[in-house]
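See below for the structure under consideration.
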Amino acid sequence: MAHNTRKLIMHGMYLLLTALYSGIYMYVWEKYYNKVLATDRITTDHIGWKGNMLILFVYLVLIMLFAGTYNSFKVGSQSKASVIYSQVLMLLFSNGVTYAQIALLQRSVPTPLPLLAAVGIQIVCAVIWTFAADALHGRLFPARRMVMIYGSRQAVSVVKKMARHDKRFLVCKAVNADEGTEEISSAIDEYDAAIICDIPGQLKNDIIKACYDRHKRVYIVPKITDIIIRGGEEIHLMDTPLVVCKNDDLPLEGQFFKRICDLILATIALVIASPFMLITAICIKAYDRGPVFYAQERYTKDARVFKLYKFRSMIVDAEKAGAILASENDPRITPVGKVIRQLRIDELPQLINIIKGDMSIVGPRPERPELAAKNEELMPEFSYRLRVKAGLTGYAQVMGKYNTTPYDKLRLDLMYIENWSLLLDFKLMLMTVKILFLPESTEGVKEEE
């Protein structure tokens, strides 16, 4: 079966689920909420078919928007549990926005019970669909047999990560870049795709061209310069295409609107979170009578040092011997601290840092000066992260984990800096909701023998 035909079948599965969601919602709309609107008018006419089409269109737009944000249809590349979780988030946000829309139309607060019942049925559909779509995807798209072409030990971690997605990737062979072009060329012919990891520039160019010529997929682990070039602007000098890497800070108007959004959203969040913060403060104080807050020196834009505020999650004087990253099952973390770290409540006082202007809502994770200095000894480019303000959430925080390596954090943060937009900021804010309840995102640094 042709590749495009298989993709078309999977797209049909996506359309089927979207049609199910829309049908369930429109039934509840027509059966309950549209009737209420009719009784509130002088006439008994419901919203006509044009109005219903508009309601349906808005709902479909919301489904597509939140599905894209949470990768809700990414079967095959995610676990079934992750797909179901993404579907649930998509449904909650989509139906939440439409409930607000219904409230505006009715000029009152309607009962949410019919819509909640619809969400429950939609979630059941999501679970059944996910298992069926995952099984179908496995049959249509078996794991690609791949060759790894590497130049450093970094390739080991990449292979381990790919092994967790064995339904999608199957690394069958590894070829060192020093083995020569003949060995590499024959390996490319033998397998379905190639992975390039930390190899010299000329050889990388030759491999990409060879894969292009053979219609073979190629996966590239990007270097810092690759990320900077990707963020460049395309221009044309007469008939010559150019890529301009401006390497500037964020544009002035971008900084202005980003700051306005930070102030508005952080203030609203602080008001909403204040009851939870009060309860957290009481629990911390009641446990060991120690201080509630913990202030720590961190870096922000241009290596400016500021005091970052957090709820204390460790024992008093946990770092009297010096700065140490938290490890898995760290004995310094208190029982209260385990809970608030898991739920990210310990980060809430940073809303004050955002209002003060030390941080932004979205940006690179604020690093401690002493740990940043160690990282910069190994990779001087680590300071590139300081082109923008530190953030409460960000690309590395959403896509990575607490124990993501410093080099991977740098690459993720540079992807954010080089592709910054207000739309990206809002997308990362929404994506942050997804990782709040994922335990792997708060993993400590693993202790290796």
Where G232 falls short, out of the listed (1) at pLDDT 95 or above; (2) in contact with a Cys (Cβ under 8 Å, 6 or more places away or on another chain): (1)
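May I ask you to list the residues in the range 408-442 that are modelled with pLDDT under 90 and surrounded by fewer than 16 Cβ atoms within 10 Å (Cβ to Cβ)? It would help to see each step written out before you state the result.
Keep residues of the range 408-442 that are modelled with pLDDT under 90, which gives 433-442.
Those that are modelled with pLDDT under 90 and surrounded by fewer than 16 Cβ atoms within 10 Å (Cβ to Cβ): V433, L436, F437, L438, P439, E440.
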Please verify whether V244 is in contact with a Gly (Cβ under 7 Å, 6 or more places away or on another chain) and at pLDDT 90 or above, treating the condition exactly as stated. yes
Answer from T98, T130, T111 - the residue that is touching a Phe, Trp or Tyr at 6+ places or on another chain (Cβ under 9 Å), among the β-branched types (V, I, T) and assigned to a helix (DSSP H, G or I): T98
List pairs: first in the range 158-174 and surrounded by 16 or more Cβ atoms within 10 Å (Cβ to Cβ), second among the acidic types (D, E) and in a loop (DSSP other than H, G, I, E, B), Cβ under 9 Å, 6+ apart or cross-chain? L170/D192
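Out of the range 365-391, which residues are of a type in the set (D, E) and either part of a helix (DSSP H, G or I) or more than 19 Å from Y416 (Cβ to Cβ) (or both)? Let's see the steps before the verdict.
Step one: list which residues in the range 365-391 are of a type in the set (D, E), which gives 367, 370, 376-377, 381.
Result: E370, E376, E377, E381.
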Given the residues F306, F276, which is the only one that is farther than 30 Å from W420 by Cα, assigned by TED's automatic domain parsing to the domain that holds E418 and of a type in the set (F, W, Y)? F276
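So if I check each of Y99, Y85, which one is surrounded by 14 or more Cβ atoms within 10 Å (Cβ to Cβ) and without any contact (Cβ under 8 Å) to a residue 24 or more places away in the chain?
So the residue among Y99, Y85 that is surrounded by 14 or more Cβ atoms within 10 Å (Cβ to Cβ) and without any contact (Cβ under 8 Å) to a residue 24 or more places away in the chain is Y99.
Would you check if T98 is hydroxyl-bearing (S, T, Y) and under 18 Å from the mean Cα position of the chain (by Cα)?
Working: hydroxyl-bearing (S, T, Y): yes; under 18 Å from the mean Cα position of the chain (by Cα): no.
It is false that T98 is hydroxyl-bearing (S, T, Y) and under 18 Å from the mean Cα position of the chain (by Cα).
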Give the residues of the range 337-359 that are buried (at least 17 other Cβ atoms within 10 Å of the Cβ) and outside any loop (DSSP other than H, G, I, E, B), sorted by residue number. G337, I340, R341, I345, D346, E347, Q350, L351, N353, I354, M359
Mind telling me which of the residues R214, R153, R164, R145 ends up being modelled with pLDDT of 90 or more and within 30 Å of the chain's Cα centre (by Cα)? R145
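Scanning the range 37-57 for residues that are in a helix (DSSP H, G or I) and exposed (fewer than 15 other Cβ atoms within 10 Å of the Cβ), which turns out modelled with the highest pLDDT? Steps first, answer last, please.
Let us first name the residues in the range 37-57 that are in a helix (DSSP H, G or I), namely 37-39, 49-57.
When the remaining residues are screened for being exposed (fewer than 15 other Cβ atoms within 10 Å of the Cβ), the result is 38-39, 49-51, 53-54, 57.
Values: A38: 54, T39: 54, W49: 76, K50: 81, G51: 83, M53: 90, L54: 91, F57: 95.
Restricting to residues being in a helix (DSSP H, G or I) and exposed (fewer than 15 other Cβ atoms within 10 Å of the Cβ), the top hit is F57.
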How do the pairs read when you match residues in the range 273-289 that are within 20 Å of D317 (Cα to Cα) with residues anywhere that are polar (S, T, N, Q) and at pLDDT below 95, using Cβ under 9 Å and keeping only pairs 6 or more apart or on different chains? I284/S313; I284/T334; Y287/T334; D288/T334
Helices (runs of 4 or more DSSP H) (entirely within the range 164-267) containing at least 3 residues that are out of contact with any Phe, Trp or Tyr (no Cβ under 8 Å at 6 or more places or on another chain) and over 28 Å from Y395 (Cα atoms): 181-190, 201-213
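The values are calculated or read from the model by the stated rules, or taken from the named source; none is laboratory data. All of these numbers come straight from a predicted model, not from anything done at the bench. So basically every Cβ, Gly included, is an ideal-geometry build from the backbone, and we count neighbours across all protein chains shown.
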